[in-house]
Amino acid sequence: MPSALKILKEVFGYPDFRGQQAEVIAHLANGGDCLVLMPTGGGKSLCYQIPALLRNGVAIVVSPLIALMQNQVAALHEIGVRAAVLNSSLSPEDTVTVEQKLLAGEYDLLYVAPERLLTARFLNLIERIAIALFAIDEAHCVSQWGHDFRPEYIQLSVLHERFPKVPRIALTATADLDTRREIIERLGLGAAKIFVSSFDRPNIHYQIIDKTNGRMQLLDFIKAQHQDDAGIIYCLSRKKVDEITAWLVNQGLRAVAYHAGMSSQERRQNQEKFLREDDIIMVATVAFGMGIDKPDIRFVAHLDLPRSIEGYYQETGRAGRDGRVANAWMAYGLGDVIQRRRMIEESEAQFKFKQVAVRKLEAMLSLCETTTCRRLHMLSYFGEMVDTVPCGNCDVCLNPPQVWDATVEVQKALSCVYRTGQNFGAGYLIDVLRGNRTARVKEWCHDKISTFGIGKDLSETTWRGIFRQIVVLGLLMTDSESHGILYLTELSRAVLKGQQSVHLRLPINSIRSSEKQPDSDITTTLNPTEHYLWERLRTWRAKTAKENGVPAYVIFHDATLQELVRLSPKTEDELRRITGIGVRKLDKYSSHLMAILRGD
Ligand code: ADP
Ligand code: ZN
């Protein structure tokens, strides 16, 4: 029997296992059940793909996303693994062909949608063949509290009842304890071994900036750091998705949209485009993303505040699955805080759910306002015991925000709210504080009150930051009908009376040249010759992918192309040692690669 390591090297072309892969594979290959909790990009697929090749029979992989199975199977075909898909996108004839090959033992892996798996016809079919294992991908879909809930997932417990001898592996990248408990309970995995990896994503640089003009800030960010890169931009509403897409296209960028208001055909087209080409920006609501296994997404941007740290972590986690440097960028302002709070108040949910929603939002806000390492903040939120060493690669670590005693300024702001009758939003209050004699200010005669102009010394941006933070701290609040009108709270009194001081963070905005930058991507450090080679390899890859009708990353990952540029192998033997080049790909592509490397 070939060893797991041999398969890793020869079939997948990777020199070593990552994290707990080797342990998981050994456990499953020996017939044990397990639950694998690994962050996105951790390498979950290999955990069942290698045992599928080691064990007798076919591995049945349950995945909720029909549209994405095809790419996984295409990637397996590229490396010579016998795999197929069975879902509703197949014609009746193709379905019969797949079923016949399945019975004839011609597959190592079969990907099925849960609704198909649960049919009597399919279950009877697989009772007649040898099954290597069941893999339940995206296992958090059993959780009724999560937003990816799939009712069919609950019925997957039937697998254990009908096939008690077949080992099962459930996999998810959802980190919280409640979901973990639910998966174990609902899938009957009480006796399964649990493998928990660290949820840290060291290659992702987290950055949360103060929103002044979200669109322009976004454009600056993309132009400065992500020309020709693939990325996702998350927006709260469908309307905003459409607007931002149109605007980016107008700015000369290649952007497509995705939200639940579009036809399923349009959505599929845009998703395919994003997956297949390597420089598309996807603008989307949170409806987009689950199961997207594109490894080379270089940035995830949020133009609106996510509702929870779980959501933020999951969405940003889609960047940099290939382990290369990636950016998680967000612009956030007072409007976001007000909007999110209003959405919770206006929702139809029961009191209990609203309370949970408020708690999650508060946690998200505290991540935004933190003055310590963002990574440590998130990991400790997920209950991970981490070293107390800050990461050194998030915006807070690189450029620690200054904290200042803002008691006097906050008092000015609060008394301005009071003097104007608790009737206005932040924009107006800032006009009064800064002494702007606008028509509206004059109309209300607020140029005559004592707080008029007492905040002239600070810029509008600084005042916005102050208002945002005092709302987050609960010193001011809004309610659902008030459209941003700010009221004093119980807590404001102590500050107004001078019984309590307030410390705020100074805004760290758009990176200035004196500020420290995150680790840079290798492609920015290439010399001209290397750069030329890199471009030629990319062009060849795009052409080959197109000819084969598969995404570019299925041919080779960026990481592989980078190693080719860096090590510039001269012989087939050297080529074989490059990460991501296994026996099959060496066979297929070595002559092309050698020609490009020689400069032909
Ligand atoms: P997940 O499903 O956990 O998000 P994947 O299984 O898609 O992650 O793996 C993420 C990326 O890492 C893939 O592109 C995969 O080919 C690569 N990968 C996985 N395991 C290894 C390994 N041991 N060595 C090198 N690359 C790996
Ligand atoms: Zn940090």
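Can you give the calculated 222 nm mean residue ellipticity of the chain, where each DSSP H run of n ≥ 4 adds -39,500 (n - 2.57) and the sum is split over every residue, rounded to the nearest 500 deg cm²/dmol?
One gets -13000 deg cm²/dmol as the mean residue ellipticity at 222 nm.
Collect residues whose amide H, placed 1.01 Å from N in the peptide plane, falls under 5 Å from the amide H of Tyr111; neighbours closer than 5 in sequence don't count.
The answer is Val61, Ala84, Val85, Leu86.
Given +1 on the Cβ of Lys and Arg, -1 on the Cβ of Asp and Glu, and no further charges, what dipole in debye does segment 169-219 carry about its Cα centre, rounded to the nearest 20?
120
For segment 2-196, give the magnitude of the charge dipole about the Cα centre (Cβ charges: +1 Lys/Arg, -1 Asp/Glu; no others), in debye to the nearest 20.
420
Among Val554, Val11, which comes first, second and so on when ranked by fewest other beta-carbon atoms within 10 Å?
Fewest-to-most Cβ neighbours within 10 Å comes out as Val11, Val554.
If one takes the longest principal axis of the Cα atoms in the chain, at what angle in degrees, from 0 to 90 and to the nearest 10, does the Cα axis of helix 583-598 lie?
Value to nearest ten degrees: 70.
What is the chain's relative contact order, in percent, from Cα pairs under 8 angstrom and six or more apart in sequence?
15
Could you state the orientation-averaged shadow area of the convex hull built on the Cα atoms of the chain, in nm² to one decimal?
Result: 30.2 nm².
Let me know the shape class of segment 522-598, please: from the alpha-carbon gyration tensor, a ≥ b ≥ c as square roots of the eigenvalues, rounded when a/c is under 1.5, otherwise prolate if a/b is greater than b/c, or oblate.
oblate
Going by amide H atoms built from the backbone, whose H comes under 5 Å of the H on Tyr206, apart from near neighbours?
Amide H to amide H, under 5 Å and 5 or more residues apart or across chains, Tyr206 pairs with Ala328, Asp395.
Is segment 2-196 best put as rounded, prolate or oblate by its Cα gyration tensor, with a ≥ b ≥ c the root eigenvalues, rounded for a/c under 1.5, and otherwise prolate when a/b is larger than b/c, oblate when not?
rounded
So between Leu567 and Thr95, what do we pick up on full extension, going 0.36 nm a residue minus the alpha carbon distance?
165.4 nm
Within segment 403-505, how many lysine pairs that are 8 or more places apart, or on different chains, have C-alpha atoms less than 18 Å apart?
5
If I model a spin label at Gln499 and Thr539 as a point 7 Å from the Cα along the Cα→Cβ vector, what separation in nanometres do I get?
7.3
Choose one of Leu303, Ile485, Gly465: the residue whose Cα lies farthest towards the positive end of the charge dipole of the chain (beta-carbon charges +1 Lys, Arg; -1 Asp, Glu; about the Cα centre).
Highest projection toward the positive end goes to Ile485.
Count charges around Lys193 for me, please; just the other residues with Cβ under 10 Å from its Cβ, Lys/Arg as +1, Asp/Glu as -1.
-2
Over what distance in Å are the Cα centres of segment 189-234 and segment 531-600 separated?
Centre-to-centre distance over Cα atoms comes out at 27 Å.
Under a plain spin-label model, where a point goes 7 Å from the Cα along Cα-to-Cβ, how far apart in nm are Asp587 and Thr372?
Going by the 7 Å Cα→Cβ label model, 5.5 nm.
List the residues of segment 265-282 whose backbone N lies under 14 Å from a point placed 7 Å from the Cα of Gln70 along the Cα-to-Cβ direction.
Only 265-277 pass the distance filter.
Placing +1 on the Cβ of each Lys and Arg and -1 on the Cβ of each Asp and Glu in the chain, which of Ser591, Gln269, Ser89 has its Cα farthest towards the positive end of the resulting dipole?
Value: Gln269.
Could you give each residue of segment 170-176 its phi-based ³J(HN,Hα) in whole Hz, using Karplus coefficients 6.51, -1.76, 1.60 with θ = phi - 60°, and x for Gly or Pro?
For segment 170-176, the Karplus curve yields 10, 10, 7, 10, 8, 8, 7 Hz.
Based on the Cβ-Cβ distance from Arg254 to Lys165, what FRET efficiency comes out when R0 is 35 Å, to the nearest 0.05?
Given R0 = 35 Å and the Cβ-Cβ separation, E is 0.10.
Remind me, relative contact order of segment 219-310 in percent, using alpha carbon pairs under 8 angstrom and six or more residues apart?
This gives 45 percent for segment 219-310.
Magnitude of the Cβ-charge dipole of the chain, K/R +1 and D/E -1, about the Cα centre, nearest 20 debye?
Using Cβ point charges on Lys, Arg, Asp and Glu, the chain gives about 560 debye.
Count the net charge of all other residues whose Cβ sits under 14 Å from the Cβ of His259, scoring Lys and Arg as +1 and Asp and Glu as -1.
The answer is +1.
Could you please report the charge total around Ser143, scoring K, R as +1 and D, E as -1 over all other residues with beta-carbon less than 13 angstrom from its beta-carbon?
Summing Lys and Arg as +1 and Asp and Glu as -1 gives -3.
Would you list which lysines come within 26 Å of Lys240, measuring only between C-alpha atoms, while excluding same-chain residues fewer than 8 positions from it?
The reachable lysines, counting only those whose Cα sits under 26 Å from Lys240, are Lys211, Lys223, Lys273, Lys294, Lys354, Lys360.
Would you calculate the convex hull of the Cα atoms in segment 156-214 and tell me its volume per residue in Å³?
143
Test of understanding: ordering Asp293, Asp210 by Cβ neighbours within 10 Å, fewest first, what list do you get?
Asp293, Asp210
Calculate the length of the line joining the C-alpha centroid of segment 100-157 to that of segment 306-334, in whole Å.
Measuring centre to centre over Cα atoms gives 30 Å.
Pull out a ≥ b ≥ c, the square roots of the eigenvalues of the alpha-carbon gyration tensor of segment 204-398, then state rounded if a/c is under 1.5, prolate if not and a/b is larger than b/c, and oblate in the remaining case.
Oblate, because a/c is 1.5 or more while a/b does not exceed b/c.
Using Cα pairs under 8 angstrom and six or more residues apart, how large is the relative contact order of segment 204-398, in percent?
26
Just so you know, all these numbers are worked out from the coordinates, no wet-lab data involved. Note that the structure is a prediction, hence the values are computed from the model and not measured. Using ideal geometry, Cβ is built from the backbone for each residue, glycine included, and neighbour counts are taken over all protein chains shown.
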